[in-house]
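To keep things clear, I will list the structure first and then write my remarks on it.
The values are calculated or read from the model by the stated rules, or taken from the named source; none is laboratory data. From a predicted model like this one, the values you see are computed outputs, not experimental measurements. Because the Cβ atoms are built from the backbone with ideal geometry, glycine has one as well, and the counts that use them run over all protein chains shown. Side chains included, ligands, DNA and RNA excluded: accessible areas come from the protein's heavy atoms. Shrake-Rupley method; radii C 1.70, N 1.55, O 1.52, S 1.80 Å.
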Amino acid sequence: MELDFLIAHMRNPPIFRGIYSSFYPVPKTRLILCPNKPQLGNFSFFPSVHFNCNSSAAVVQAVEPNCPSVEKNTKLQDSFESRRLSKELKYGAKKRFFDVGDGSFLSGDNKRVLKWYSEMLKDYAAKLCLKEGKALHGEMIRSGVEPDSHLWVSLINFYSKCGDLVFAGNAFDLIPKRDVVSWTALIAGFIAQGYGSKGICLFRDMRGEGIRPNEFTLATVLKGCSMCLDLEFGKQLHAVAVKGAAFSDVYVGSALVDLYAKCCELESAVKVFFSMPEQNSVSWNVLLNGYVQAGQGEEALRLFLKMSDSEMRLSNYTLSTILKGCANSVNLRAGQVIHSMLVKIGSEIDDFTSCSLVDMYNKCGLQDDALKVFLRTKNPDIVAWTAMISGLDQQGQKREAIQLFCLMRHSGLRPNQFTLASVVSAAADSVDLNTCKSIHACVYKFGFDSEGCVSNALIAMYMKFGSVFDGYRIFSSLSNRDIISWNSLLSGFHDNETSYEGPKIFRQLLVEGLRPNMYTLISNLRSCASLLDFSLGKQVHAHVVKADLSGNIYVGTALVDMYAKCGRLDDAEAIFYRLSEKDVFTWTVVISGYVQSDQGEKAFRCFNQMQREAIKPNEFTLASCLSGCSRLASLDNGRQLHSVVLKSGQFTDMYIASALIDMYAKCGCIKDAESLFQSMGSSDTVLWNTIIYAYSQHGLDEKALETFRTMLSEGIPPDGITFIAVLSACSHLGLVEEGRRHFDSIKIGFDITPSIEHYACMVDILGRAGRFNEMECFIEDMVLAPDALIWETVLGVCKAHGNVELAEKAAKALFEIDPKAESSYILLSNIYAAKGRWADVSKVRALMSRQGVKKEPGCSWVEIDNQVHVFLSQDASHPRLKDIHKKLEELASRITAAGYIPNTNYVLHYVSDKEKIDNLSHHSERLALAFALMSSSRNSTVRIFKNLCICGDCHEFMKLASIVTNREIVIRDINRFHHFSHGKCSCKDYW
């Protein structure tokens, strides 16, 4: 805010010009100007002056001593007269020379001459006519006019206003006797041009010469203190003002208020303001601006109400300032009131206030209203355009921001660095990289590629698009890198492929002596979370504590996320519960951590606590909870979440829709999943993948392949996950050739690089079909080296076909890759047991014991009335065990009557047949079935979940149970779903 409240000729706004221009050439016949004191040569102080008058104007003619050339003087006279006349016509100068009739100039009336020069200099200063003013100064010297104190001040003021501080200083050095006015003029000149510290130094020099400041001097120097935030010297000036009784001056008081406000000493500013004998609009405005700059919008509004009550005239500047406060505090209602006041006084379409209105409506989230104000502005300047573009960008309307930038370019306006920074930020979220590169080219075109804010925005833009090389190249070209530059670079190293670079950059940042801030630490914690590097995360946590950011909600959320993803849920919980403030993202992070660690019960308890604290879940919260339901197969909780989704109106969100379909599918409700999918108005690749995979897992493999073909016909591009589901369906159906065709199309048809999962699917297809030679050749020809997944697949198909030789080869490879993997030993042991090779079974079990590997006990569970009941084989812990055994015996007798004969080949223990039959009859899934039949309604579907693969005997038992009970029985084992109905299974006995 401008506080030029000195004499009238010092109030024009400063325009920065070059201050190192050469001095005006001086004739040898006059005084030689020097930086310090006048130096006289052999000539008089000024040359003699002759005045020739004609009908148009008096002509000043400089006469050189010892130079009688009349021709030379005539030429000089004609030249000067023509120049003077042209200038007077151009700038409207009045005829100020005085014709007395006898052709002579009024040489005796020196005061009028000096006044004329002063007025001309004042006019030139107002119009910033440096060249013309210098010419006039030259004529003063040639004419022998001896300036008085007022003319000296006019010269200093003229040069200062025109930005030539060197000439202003030279003129000041020539003053024979400097008084407080001339000192004040020079000090004001430097401060007006932004040299606050230099102005303070000049003031000290003035005091060193024993000159006492007046109220104008104090007000000017206080403004310099405000510019360089020199509070201590400002307080000394405050004491000088009080001591010299200058404090009662309204300009000194206003300057003190401005100083304290800008130095964040608002309490002192208020004391000074209300102790002033009178307040003017300047003092009100500086205090208002101080509150706004300090982010105290409500206090600014209260002060504004007092200002209105004082009947002080409300200027556009005042209203714009309070609009800025409304914008910062997001006070829409107050902003609308100020808008109505602007309309009332007829200032709404003023460019300055329009810009403030646009900013206020943007920050309050009303982009439509902001756009209406903007479009009503007659000639929006670059500030208004930038405010509108920035507002659209900040509210997520990225495309609209880019389109508005294009309109601005068509209007012919040149963007500034802030415009380009905003449009680069908007481009970072656009859909294509070409748009970003076009805007980057625009930045180069206008020469802002070295601007810090623009370069930082460009780095962040390329990092968002994954163009790490382009972002790093811009970063490397920066000569002055601040913490924002480093943070922009770090923002690109969060994903799994590039996360390892994040800690390296962080270390380099510390080596260069920069202090990490909140964003630096959050980026590093995200890198540690992606790397699952708990040790490194603890080191970053130490920096968080050192920076005193432990209580920061955003840093705290990043810490919880890092510890949760690294499996350190106790640490994550400790940080979570220490946070004084928790938002939806913090809750979502901890819920997601519980889900990923298979602690679904804790996740639901946390979700319920979140709702009790009135935190509204977002789409990520709901999707995480639904994922927890999928893992636990908790249908009742999943349905409750479904109702929450419907109530919140978030059902159309693709992320939630996919999670809901997945939840119903994994809870055994494939019909509900299918119905949800068909009800979606639009769908993306993830949604199609979910339903295709669900069909495949539920044995509806024909539907899975048919849905895949429909997906392609609707133009939805498949990805790698799509082909895993498609190849699984081909494997279950035994479609070798179709599976091979789909596998080949991954690379050739869709330009997707096959992953190890795709190769494993193809191995399963060949192995299940019994084509072991082809399978081995396929493994040998693989581009990728076979890993544990490939050999596990081989071992699985060997069990199905009883291929002991190949199974031993696969098991040997698995023992080398991961000697602690339980499944490798179990599968090999079962293969030996199925062949009756009990000695080899004993060897495998002995090897397991030496390696410290323990077999996970088989268990099954059912959910009845939102409560999960878990059963182990030969379980004796359930409180209703007697009733369960009684129900199971009743069911077994009915199934035996229907033709069931126990298949003891599936008992992989070397015991008697009676023990084998007893062992089969108490498998965990049978106990779960008996309990479900006892506890559920007669017509409901029984859903059982098992942690291991269902054995062949239990599979046959369930088929017959579906007949005698007339109930659908759904069992989800470790591999797939089995829907038993009317004596048949959806897997077609192929699992």
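Being more than 20 Å from Cys987 (Cβ to Cβ) and of a type in the set (Gly, Ala, Ser), is that true of even one residue in region 702-712? Within region 702-712, none of the residues are more than 20 Å from Cys987 (Cβ to Cβ) and of a type in the set (Gly, Ala, Ser). For region 187-202, the set of residues classified as part of a helix (DSSP H, G or I) and open to solvent by 10 Å² or more (accessible area, probe 1.4 Å) consists of Ala188, Phe190, Ala192, Ser197, Lys198, Cys201, Leu202, listed by residue number. Being surrounded by 17 or more Cβ atoms within 10 Å (Cβ to Cβ) and within 17 Å of Arg972 (Cα to Cα) is the requirement here; does Ala633 meet it? It is true that Ala633 is surrounded by 17 or more Cβ atoms within 10 Å (Cβ to Cβ) and within 17 Å of Arg972 (Cα to Cα). When the helices (runs of 4 or more DSSP H) confined to region 660-732 are screened for residues that are open to solvent by 20 Å² or more (accessible area, probe 1.4 Å), free of Cβ contacts under 8 Å to residues at least 24 places away in the same chain and over 18 Å from Ile765 (Cβ atoms), those reaching at least 1 such residues are found at 670-679, 701-713. Of all the listed residues (Ala171, Ala185, Ala192, Ala219), the sole one being under 24 Å from Lys111 (Cβ atoms), out of contact with any His (no Cβ under 8 Å at 6 or more places or on another chain) and touching a residue at least 60 places away in the same chain (Cβ under 8 Å) is Ala185. Within region 611-619, is even one residue more than 23 Å from the chain's Cα centre (by Cα), in a helix (DSSP H, G or I) and farther than 18 Å from Tyr554 by Cβ? Yes, the conditions are met somewhere in region 611-619.
Test Gly224 against the stated conditions and say whether it is closer than 20 Å to Arg178 by Cβ and in a helix (DSSP H, G or I). Taking the combined requirement at face value, the residue satisfies it.
Among residues of region 236-263 that are among the polar types (S, T, N, Q) and surrounded by fewer than 21 Cβ atoms within 10 Å (Cβ to Cβ), none has a Cβ under 6 angstrom from a residue that is in a loop (DSSP other than H, G, I, E, B) and at pLDDT 80 or above at a sequence gap of 6+ or on a separate chain. Looking across region 281-317, the residues that are open to solvent by 20 Å² or more (accessible area, probe 1.4 Å), assigned to a helix (DSSP H, G or I) and among the hydroxyl-bearing types (Ser, Thr, Tyr) come down to Ser281, Tyr291, Ser308, Tyr317. Provide a single number: the residues in region 846-894 that are surrounded by 12 or more Cβ atoms within 10 Å (Cβ to Cβ), of a type outside the set (Val, Ile, Thr) and part of a strand (DSSP E or B). Residues flagged as surrounded by 12 or more Cβ atoms within 10 Å (Cβ to Cβ), of a type outside the set (Val, Ile, Thr) and part of a strand (DSSP E or B) within region 846-894 amount to 7. Filtering region 119-148 to residues that are in a helix (DSSP H, G or I), open to solvent by 20 Å² or more (accessible area, probe 1.4 Å) and under 21 Å from Ile191 (Cβ atoms) leaves Lys122, Ala126, Leu130. From the residues in region 967-983 that are within 46 Å of the chain's Cα centre (by Cα) and in a loop (DSSP other than H, G, I, E, B), which one is modelled with the highest pLDDT? Among those that are within 46 Å of the chain's Cα centre (by Cα) and in a loop (DSSP other than H, G, I, E, B), it is Asp973. If the condition is being in a helix (DSSP H, G or I), in contact with a helix residue (DSSP H, G or I) (Cβ under 6 Å, 6 or more places away or on another chain) and either open to solvent by 50 Å² or more (accessible area, probe 1.4 Å) or more than 14 Å from Val763 (Cβ to Cβ) (or both), then region 783-803 contributes Leu789, Lys799.
The lone criterion from (1) at pLDDT below 85; (2) open to solvent by 10 Å² or more (accessible area, probe 1.4 Å); (3) not basic (Lys, Arg) left unmet by Glu232 is number (1). Here Glu512 clears all of (1) out of contact with any helix residue (DSSP H, G or I) (no Cβ under 7 Å at 6 or more places or on another chain); (2) at pLDDT below 85 except the condition numbered (2). If you go through region 165-186, how many residues are over 19 Å from Thr220 (Cα atoms) and either open to solvent by less than 20 Å² (accessible area, probe 1.4 Å) or not in a loop (DSSP other than H, G, I, E, B) (or both)? Within region 165-186, residues that are over 19 Å from Thr220 (Cα atoms) and either open to solvent by less than 20 Å² (accessible area, probe 1.4 Å) or not in a loop (DSSP other than H, G, I, E, B) (or both) number 7.
Of all residues in region 961-988, those satisfying the criterion of being of a type in the set (Gly, Ala, Ser) and surrounded by 17 or more Cβ atoms within 10 Å (Cβ to Cβ) are Ala961, Ser962, Ser986. Kindly evaluate Cys798 against the criterion of being in contact with an Asp or Glu (Cβ under 9 Å, 6 or more places away or on another chain) and either closer than 19 Å to Ser731 by Cβ or charged (D, E, K, R) (or both). The answer is yes for Cys798. Being surrounded by fewer than 23 Cβ atoms within 10 Å (Cβ to Cβ), in a helix (DSSP H, G or I) and touching a Lys or Arg at 6+ places or on another chain (Cβ under 7 Å) is a condition met by at least one residue of region 573-592.
Of the residues contained in region 463-472, none is found to be β-branched (Val, Ile, Thr), surrounded by 16 or more Cβ atoms within 10 Å (Cβ to Cβ) and in contact with a helix residue (DSSP H, G or I) (Cβ under 7 Å, 6 or more places away or on another chain). Scoring Ala384 on the criteria (1) surrounded by 22 or more Cβ atoms within 10 Å (Cβ to Cβ); (2) at pLDDT 85 or above leaves a single failure, condition (2). May I ask you to list the residues in region 497-542 that are within 23 Å of Asp571 (Cα to Cα), among the polar types (S, T, N, Q), in contact with a Ser or Thr (Cβ under 9 Å, 6 or more places away or on another chain) and part of a loop (DSSP other than H, G, I, E, B)? If the condition is that a residue be within 23 Å of Asp571 (Cα to Cα), among the polar types (S, T, N, Q), in contact with a Ser or Thr (Cβ under 9 Å, 6 or more places away or on another chain) and part of a loop (DSSP other than H, G, I, E, B), then Ser499 is the only one that fits.
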